[in-house]
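Right, one structure below, let's go through it.
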Amino acid sequence: MSMLLIGFLMALPLVAAPVSAEEDRAAAESGILAAFDAYTAKARSGDVDGLLARGITPVVNLYHWDLPQIFEEEGGWLDDTIVERFAGYAHDAAQQLGDRVRVWLTFNEPNCFLGDGYGSGVHAPGKQVPMDVQRLAVARWARAHGAAVRAMRSVRPDFAISIALAGSVYVPNDESAIEAARERTWSVPEGNLW
């Protein structure tokens with residue numbers, strides 16, 4: 001995050017801003033997902049410090065659709081080893097930034113990188129697999145979230161940790177359409193895991 005972007009954020013009525021803590025690709029290519037290395041830590045630390053200096057609460061996002069290719073080749077979200085690899089990465093990030101960051105997101109829009117990555121195939125890894133295989137990917141993701149939360153709380157128990165979900169909200173044109181908008185907002189299409 002550049003100082004220019006931080007300056008822009010200052011012009012907005014913000015109390016919090018996201019910081020991406022994505023892992024170092026070189027370390028990931030060597031097979032280590034717990035790759036919150038010195039370079040990455042320094043870059044994210046600067047982002048965090050820049051936001052804090054301006055009175056903006058950093059919200060660190062650990063994963064935004066960015067699984068390194070080497071892990072996808074080993075099975076991606078269908079490979080059981082991803083759970084502990086992600087937990088190790090989350091632990092390292094918490095150790096490096098946890099003295100200044102209290103609010104964390106383990107995953108950004110899992111319904112997109114899993115549903116659209118393994119279901120419709122419109123996002124990476126671009127697969128269209130049967131529903132039972134999609135459920136396996138979702139199960140691995142859910143376990144990875146839980147393992148990451150436990151790993152991070154071992155560093156600092158008072159962390160606020162969540163997930164950023166994407167969804168649609170339908171707004172009625174007038175009062176007569178309020179119930180229809182509510183139904184559409186909360187409906188789940190058949191075959192949708194989310």
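Can you tell me which of ARG182, ARG150 is touching a residue at least 60 places away in the same chain (Cβ under 8 Å), open to solvent by 90 Å² or more (accessible area, probe 1.4 Å) and part of a helix (DSSP H, G or I)? Full working, then the answer.
Details: ARG182 fails: touching a residue at least 60 places away in the same chain (Cβ under 8 Å).
Within the list ARG182, ARG150, the selection yields ARG150.
Among the residues of segment 79-114 satisfying the criterion of being assigned to a helix (DSSP H, G or I) and among the charged types (D, E, K, R), which is surrounded by the fewest Cβ atoms within 10 Å (Cβ to Cβ)? Before the answer, list the steps.
Of all residues in segment 79-114, those assigned to a helix (DSSP H, G or I) come to 82-97, 110-114.
Next cut, among the charged types (D, E, K, R) only: 84-85, 92.
Values: GLU84: 16, ARG85: 21, ASP92: 23.
My answer is GLU84.
So which residues in segment 134-161 are at pLDDT below 95 and out of contact with any helix residue (DSSP H, G or I) (no Cβ under 7 Å at 6 or more places or on another chain), if there are any at all?
ARG135
Output the qualifying pairs, or none if there are none: Cβ atoms under 8 angstrom, residues six or more apart or on different chains, first residue in segment 123-134 and free of Cβ contacts under 8 Å to residues at least 40 places away in the same chain, second residue in a loop (DSSP other than H, G, I, E, B) and loosely packed, with under 14 Cβ neighbours inside 10 Å.
LYS127/GLY121; GLN128/SER120; GLN128/GLY121
Name the residue that is nearest to ASP92 (Cα to Cα), counting only residues in segment 135-147 that are in contact with a strand residue (DSSP E or B) (Cβ under 8 Å, 6 or more places away or on another chain) and in contact (Cβ under 8 Å) with a residue 60 or more places away in the chain. Spell out how you get there, then give the answer.
Quick first cut of segment 135-147, residues in contact with a strand residue (DSSP E or B) (Cβ under 8 Å, 6 or more places away or on another chain) only: 141, 144-145.
Add one more test, that the residue is in contact (Cβ under 8 Å) with a residue 60 or more places away in the chain, and what stays is 141, 144.
On the way: TRP141: 19, ALA144: 15 Å.
Here the residue is ALA144.
What residue, of PHE71, PHE113, PHE86, is among the aromatic types (Phe, Trp, Tyr) and more than 22 Å from LEU165 (Cα to Cα)? Even if it seems obvious, please write down each step before you answer.
Values: PHE113 fails: more than 22 Å from LEU165 (Cα to Cα); PHE86 fails: more than 22 Å from LEU165 (Cα to Cα).
Going through PHE71, PHE113, PHE86 in turn, just one is among the aromatic types (Phe, Trp, Tyr) and more than 22 Å from LEU165 (Cα to Cα): PHE71.
Given ALA137, ALA142, which one is under 18 Å from the mean Cα position of the chain (by Cα) and either crowded, with 17+ Cβ neighbours inside 10 Å or not in a helix (DSSP H, G or I) (or both)?
Numbers: ALA142 fails: either crowded, with 17+ Cβ neighbours inside 10 Å or not in a helix (DSSP H, G or I) (or both).
Just one listed residue meets the conditions, ALA137.
Identify, by number, the condition in (1) over 16 Å from the mean Cα position of the chain (by Cα); (2) closer than 21 Å to HIS64 by Cβ that SER162 doesn't meet.
Unmet for SER162, out of (1) over 16 Å from the mean Cα position of the chain (by Cα); (2) closer than 21 Å to HIS64 by Cβ: (1).
Between residues in segment 58-78 that are over 24 Å from ARG44 (Cβ atoms) and open to solvent by 30 Å² or more (accessible area, probe 1.4 Å) and residues that are modelled with pLDDT under 85 and part of a helix (DSSP H, G or I), which pairs lie under 6 Å by C-beta distance while being six or more apart or on different chains?
Listed pairs, sorted by first residue: none to list.
Assess whether GLN128 counts as being open to solvent by 60 Å² or more (accessible area, probe 1.4 Å), part of a loop (DSSP other than H, G, I, E, B) and either among the charged types (D, E, K, R) or touching a Ser or Thr at 6+ places or on another chain (Cβ under 8 Å) (or both).
Working: open to solvent by 60 Å² or more (accessible area, probe 1.4 Å): yes; part of a loop (DSSP other than H, G, I, E, B): yes; either among the charged types (D, E, K, R) or touching a Ser or Thr at 6+ places or on another chain (Cβ under 8 Å) (or both): yes.
So GLN128 fits the description; yes.
Every residue in segment 63-97 that is touching a strand residue (DSSP E or B) at 6+ places or on another chain (Cβ under 7 Å) and under 10 Å from ALA148 (Cα atoms), please.
ALA90 - this is the single residue of segment 63-97 that is touching a strand residue (DSSP E or B) at 6+ places or on another chain (Cβ under 7 Å) and under 10 Å from ALA148 (Cα atoms).
The values are calculated or read from the model by the stated rules, or taken from the named source; none is laboratory data. Note that this is a predicted model, so its numbers are computed, not measured. Counting neighbours? That spans all protein chains shown, and the Cβs are built from the backbone with ideal geometry, glycine included. With ligands, DNA and RNA removed, areas are computed over all heavy atoms of the protein, side chains included. Shrake-Rupley method; radii C 1.70, N 1.55, O 1.52, S 1.80 Å.
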